[in-house]
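**Q** Structure provided below as structure tokens; questions to follow.
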């Protein structure tokens with residue numbers, strides 16, 4: 001039986017090398033959408049090994065997408081030091097460049113969790129290679145997400161209904177100002193870390209991938 005290919009490697013980033021982890025499903029064909037998943041705030045222990053990041057990446061891989069998660073500067077074996085989001089935007093752009101080289105002609109799906117959502121969505125909105133965006137627990141009350149008002153990419157925001165750091169009400173208010181109203185996928189009872197709700201999170205991530213970016217036009221699940 002053919003199995004998924006897993007690689008750990010380094011990308012040359014603006015502050016030094018960036019540690020990356022790629023899972024390439026055995027079924028992934030040339031031109032299949034490639035996903036990049038960004039992790040939460042490094043100061044609070046965020047890394048590409050976050051349970052939420054792992055759950056999201058695995059959901060995308062099960063769908064048949066090659067998925068890259070990576071450590072921002074200063075995290076794990078990545079060089080440099082945390083830069084408050086400024087340098088981290090450059091980090092994800094370097095990863096986009098690498099993914100575009102590894103998977104020529106493939107659209108990119110940019111996703112991120114918490115702080116990583118702000119970085120992924122902001123970088124993704126400014127990159128024509130990025131075809132869709134997924135924000136998980138986007139901290140709307142802590143970071144300015146108004147840039148999304150000028151972003152025309154398909155967008156899904158996955159939020160826990162009991163998240164004190166990313167209140168659902170603020171997310172819904174933001175979504176109401178966005179092109180197409182945004183796409184908010186709430187998870188009842190979930191807080192910021194989605195403890196006890198990772199399976200539901202994976203389901204929402206799977207639903208969030210636009211149909212035209214799914215391998216072989218695989219339809220989105222209903223419900």
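**Q** What ranking of 145, 44 emerges when the number of other C-beta atoms within 10 Å of each C-beta is taken as an exposure proxy, fewest first?
**A** Numbers: 145 25, 44 8.
Listed from fewest to most nearby Cβ atoms, that is 44, 145.
**Q** If the chain between residue 81 and residue 162 were fully stretched, how many nm would it gain, using 0.36 nm times the residue separation less the Cα-Cα distance?
**A** Values: separation 81, 0.36 × 81 = 29.16 nm, distance 3.21 nm.
Here the segment from residue 81 to residue 162 would lengthen by 25.9 nm.
**Q** May I ask you to sort 146, 153, 204 by Cβ crowding, counting other Cβ atoms within 10 Å and putting the fewest first? Write out the running numbers ahead of the final one.
**A** Details: 146 11, 153 18, 204 22.
Listed from fewest to most nearby Cβ atoms, that is 146, 153, 204.
**Q** Given Cα pairs under 8 Å that are at least 6 residues apart, what percent is the relative contact order of the range 1-65? Let's see the in-between values first.
**A** On the way: 66 pairs, mean separation 19.2, N = 65.
Reported relative contact order: 29 percent.
**Q** Hey, rough spin-label estimate for residue 199 and residue 8, points 7 angstrom out along Cα→Cβ, what's it come to in nanometres?
**A** Between residue 199 and residue 8, the simple spin-label model gives 3.0 nm.
**Q** If I compute Kirkwood radius over Cα pairs in Å from the structure I just sent, which labelled value in (1) 18.3; (2) 19.7; (3) 17.0 lines up?
**A** Recomputing Kirkwood radius over Cα pairs in Å here picks out (3).
**Q** Just to verify a number: FRET efficiency for residue 58 and residue 172, C-beta to C-beta distance, R0 = 41 Å, to 0.05? Present the calculation step by step, with values, prior to reporting the outcome.
**A** Details: r = 28 Å, r/R0 = 0.67.
My answer for the efficiency is 0.90.
**Q** I would also like to ask the following. If you count, for each residue, the other Cβ atoms within 10 Å and average over each peptide, how do 208-214, 157-163 line up from highest to lowest?
**A** Details: 208-214: 17.9, 157-163: 23.0.
Those peptides, ordered most packed to least, come out 157-163, 208-214.
**Q** Once you keep just the Cα pairs under 8 angstrom separated by 6 or more residues, what percentage relative contact order results for the range 77-213? Numbers along the way, then the final one.
**A** On the way: 221 pairs, mean separation 24.2, N = 137.
Relative contact order comes out at 18 percent.
**Q** Sort 17, 77 so that the residue with the fewest other Cβ atoms within 10 Å of its own Cβ comes first and the one with the most comes last. Don't skip to the end; give the middle numbers.
**A** Numbers: 17 17, 77 11.
Starting with the residue having the fewest Cβ neighbours, the order is 77, 17.
Computed from the coordinates by the stated procedures, all read-outs in this text should not be read as laboratory data. The structure presented is a predicted model; accordingly, all values stated were derived computationally and were not measured. Note: ideal-geometry Cβ built from the backbone for every residue, glycine included; neighbour counts use all protein chains shown.
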